[in-house]
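Taken together, the values in this text are just the output of simple stated rules run on the coordinates, not laboratory data. Here the structure is a predicted model, which is why all the values come from computation and not from measurement. Please note: Cβ atoms are built from the backbone with ideal geometry, for glycine as well, and neighbour counts cover all protein chains shown.
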Amino acid sequence: MAPKWRELADKLAEQIRNGEYAPGQQLPQIRDLVEVGEGSKTTVHAAYKALEAEGLVTSSRGHGTVVRERAPLKRLGIARYDKAKWRDGDEVAFIADRVASGRAYKRGEQTQTVSRIVAPPAVAAAHGLPEGAEVYARARLVKEGDQPTHTLTSYYRPEHVEGTRIVDPTPGPAGRGGGFRVLYDAGYEIDHMREELFARAAKPEEAEQLKLLPGEWVVELHRSTFTADGTLVEFAIGVHAATRFAWAYDFKVPDSAAEGETQ
């Protein structure tokens, strides 16, 4: 059985989604919910914190707990990697998500660390590297305002990125067009990708980093990026706060039978 605060949070979340509490409307004071039997002060407070972590409300001193005006960020599928955005422009993938969501990106909302490390087993397997081989790890924490939305760590073979802006630890995107533009300028134009998604409960360190409550869920992303000849130039692992994104895909439906007839 779910704890009392979770039941209350789910009840309020459903009321918000049904429009019983409109965007910009203040939720009842904690003491009011306590008085009508929704639980103790601790229970109601925990429920409100859960709603805040899930992106449904904001809380501030003097304004109480208010239903958020904003919907979850739209996390684009294929369109976020449009070459026109990063090769011919200066838009990196996560900023394309912001644009599609009608939201702005402010400098400082992406922080990063870059280090040369022994490849973790999953990374070594993806790159086809032997045990003990080293890779560059470019780890980013992305926020919207003060709220973290996701982490993304890209792993590269040293021979692909040595001496490029990708291994520059300066905070923010890796220059104009981001990492894909850097790879393109180095002679590694991306051609196709594979993304795998896994839903799971957040680990304690992830809950702390993304400001989630224990037991909240995340979506783990594995992204493999290839050149036209099949060279893997980036393997990335992302951890996204599940309730802070709406995943959107728009693509042409394949028809392998028709394609076979034309060959």
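Things worth noting here:
- Computed per residue of the chain from DSSP H runs no shorter than four, each worth -39500 (n - 2.57), the mean residue ellipticity at 222 nm is -7500 deg cm²/dmol.
- Mean-square fluctuations from a GNM of the chain, with a 10 angstrom spring cutoff on Cα atoms, peak among 94, 235, 251 at 251.
- Rounded to whole Hz, the Karplus (6.51, -1.76, 1.60) HN-Hα couplings of the stretch 137-149, x for glycine and proline: 10, 10, 9, 10, 10, 10, 10, 10, x, 9, 9, x, 10
- Computed from the C-beta positions of residue 147 and residue 116 and an R0 of 30 Å, the FRET efficiency is 0.45 to the nearest 0.05.
- Using every pair of distinct Cα positions in the stretch 40-150, the Kirkwood expression returns a hydrodynamic radius of 17.4 angstrom.
- Among 22-29, 221-228, the order from most to least packed when residues are scored by Cβ within 10 Å on average: 221-228, 22-29
- Cα-centre dipole for the stretch 4-67 with unit charges at Cβ (Lys and Arg positive, Asp and Glu negative), debye to 20: 220
- Note on the chain: Kirkwood hydrodynamic radius from all Cα pairs is 20.6 Å, rounded to one decimal.
- From most to least packed by mean Cβ count within 10 Å, the peptides 183-189, 48-54 give 48-54, 183-189.
- Global form of the stretch 87-230, assessed from the alpha-carbon gyration tensor, a/c cut-off 1.5: oblate
- Selected from 40, 60, 101 as most flexible by GNM, with the chain as the system and alpha-carbon contacts under 10 Å: 60
- Per-residue ³J(HN,Hα) for the stretch 9-14, Karplus 6.51 cos²θ - 1.76 cosθ + 1.60, θ = phi - 60°, Hz, x for Gly and Pro: 4, 5, 5, 5, 4, 5
- Couplings 3J(HN,Hα) for the stretch 183-193, derived from phi with the Karplus relation 6.51 cos²θ - 1.76 cosθ + 1.60 (θ = phi - 60°), are 4, 4, 5, 7, x, 10, 7, 6, 10, 8, 9 Hz, where x marks Gly and Pro.
- Anisotropy class assigned to the stretch 4-67 is rounded, per the alpha carbon gyration tensor with a/c under the 1.5 cut-off.
- Span from the the stretch 80-97 Cα centroid across to the the stretch 1-74 one, whole angstrom: 36
- Nearby lysines by direct alpha-carbon distance to residue 211 (threshold 20 angstrom, same-chain neighbours under 8 apart not counted): 49, 74, 106, 143, 203
- When +1 charges are put on Lys and Arg Cβ atoms and -1 charges on Asp and Glu Cβ atoms, the dipole computed for the chain relative to its Cα centre reaches about 900 debye.
- Radius 13 Å from Cβ of residue 159, net charge of other residues (Lys, Arg +1; Asp, Glu -1): 0
- Of all the options 148, 120, 72, the one that moves most in a Gaussian network model of the chain with Cα springs shorter than 10 angstrom is 120.
- Interchain or long-range residues, amide H under 5 Å from residue 149's placed H: 142, 143, 144
- Farthest toward positive dipole pole in the chain [+1 Lys/Arg, -1 Asp/Glu at C-beta], among 137, 222, 58: 58
- Amide H contacts of residue 68: 24, 57, 58, each under 5 Å away and 5 or more positions distant or on a separate chain (H built 1.01 Å from N in the peptide plane; Pro and chain starts excluded).
- Share, in percent, of DSSP beta bridges within the chain that are antiparallel, nearest 5: 90
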